[in-house]
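The structure appears below as structure tokens.
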Amino acid sequence: MKMVFLGPPGAGKGTMAVRVADAAGIPHISTGDIFRFNIKNETELGKKVKAILDSGELVPDTVTIELVQDRLQKDDAANGFILDGFPRTIPQADALGEMVELDRVINFELSDVEVVKRLSGRRVHPGSGRTYHVLFSPPRVEGKDDETGEPLVQRDDDKEEAIKNRLNVYREQTQPLIDYYRSRGKLVDLDSAPSPDNVYAALAELLGLKRA
Ligand code: AMP
């Protein structure tokens, strides 16, 4: 199954993509994760995109398209994949259309109020990547990682100003993809407001997957 998970930041695309990828035996390809990996490892690409990610703006299309093109050529993507966070612009969607024929695009729907609530409460343990949420999934001790006791941090792009910017960018550049894919008969809407287990149940049903 060749799929795109579309939707605003914080809608749970990444969380659901991990579960679906595992259940369906296909790779989860997150452009945001690829950029963050490069930033952490201080690669040339990482140095080029760090300030862009911190601000919530988009990395230029040419850079992102080339990255995805390379990734989709790997053997593990031959029978299917989940693209999470790509495409985010019409030129990216056009380029993707030339690379592969998609089966489905899942449109994760979530209100702006809920997006801000979810993202502003997210905390990360930098060493392991473990994530928490101050309201929905708090650590045992406030501000500390459960396993190591080390301090948790807030991603720069989860700070209030950057969240507002990411939402504006989403509205202006990515939301038009909803109509783009709807008019091509690929789009399925999914309400992302319920709990992760309930969203997953709806998604598994939609995709004909066994529940995991
Ligand atoms: P995400 O983890 O998907 O929210 O992505 C984090 C950040 O990575 C975004 O705010 C952008 O700066 C960058 N990014 C991820 N995917 C793309 C993309 N398809 N096009 C441009 N920038 C991207």
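Since every read-out is calculated from the coordinates, none of them should be taken as a lab result. Since the model is a prediction, treat every value here as computed from it, not as a measurement. Cβ atoms come from the backbone with ideal geometry, glycine included; neighbour counts cover every protein chain shown.
Report, in deg cm²/dmol and to the nearest 500, the calculated mean residue ellipticity at 222 nm for the chain, where each DSSP H run with n ≥ 4 adds -39500 (n - 2.57) and the sum is divided by the residue count.
Only helices count here, giving -13000 deg cm²/dmol.
Near the amide H of PHE81, within less than 5 Å, lie the amide hydrogens of LYS2, MET3, all on another chain or at least 5 residues away, with H placed in the peptide plane.
Please compute one quarter of the surface area of the Cα convex hull for the chain and express it in square nanometres. Don't skip to the end; give the middle numbers.
Numbers: hull surface 46.6 nm².
Computing the convex hull of the Cα atoms and averaging its projections yields 11.7 nm².
The magnitude of the dipole of segment 1-121, with charges of +1 and -1 set on the Cβ of Lys/Arg and Asp/Glu and taken from the Cα centre, is near 400 debye.
Count Lys and Arg as plus one, Asp and Glu as minus one, and take only other residues whose Cβ is under 12 Å from that of ASP157; the net charge is then +1.
Restricting to DSSP loop positions (anything but H, G, I, E, B) with no more than 11 other Cβ atoms inside 10 Å of their own Cβ, which GluC sites (Glu not before Pro) remain in segment 43-105? Show your work: numbers first, answer last.
Details: sites: GLU44, GLU57, GLU66, GLU98, GLU101; in loops: GLU57, GLU101.
Qualifying residues, ordered by number: GLU101.
Taking a ≥ b ≥ c as the square roots of the eigenvalues of the alpha-carbon gyration tensor, segment 48-113 is classed oblate because a/c is 1.5 or more while a/b is no larger than b/c.
For the cross-link pairs LYS50/LYS164; LYS50/LYS210; LYS47/LYS164; LYS74/LYS117, which exceed 30 Å when the distance is taken from alpha carbon to alpha carbon?
Numbers: LYS50/LYS164 18 Å; LYS50/LYS210 38 Å; LYS47/LYS164 24 Å; LYS74/LYS117 37 Å.
Long pairs (Cα-Cα over 30 Å): LYS50/LYS210; LYS74/LYS117.
Once backbone amide H atoms are built at 1.01 Å from N, SER30 has ASP84 as its partners under 5 Å, excluding neighbours fewer than 5 places away on the same chain. Here is the list for segment 37-131: trypsin sites (Lys or Arg not before Pro) lying in DSSP coil, each with at most 14 other C-beta atoms within 10 angstrom of its C-beta, are LYS74.
Simple spin-label estimate for GLU98 and GLN69 gives 0.7 nm between the two label positions (7 Å along the Cα-to-Cβ direction from each Cα).
Give me the net charge for the shell around ALA193: Cβ to Cβ below 15 angstrom, other residues only, Lys and Arg +1, Asp and Glu -1.
Every neighbour counted, the sum reads -3.
Classify segment 116-212 as rounded, prolate or oblate, taking a ≥ b ≥ c as the square roots of the eigenvalues of its Cα gyration tensor: rounded when a/c is under 1.5, otherwise prolate if a/b is larger than b/c and oblate if not. Oblate shape, in that a/c is at least 1.5 and b/c is the bigger or equal ratio.
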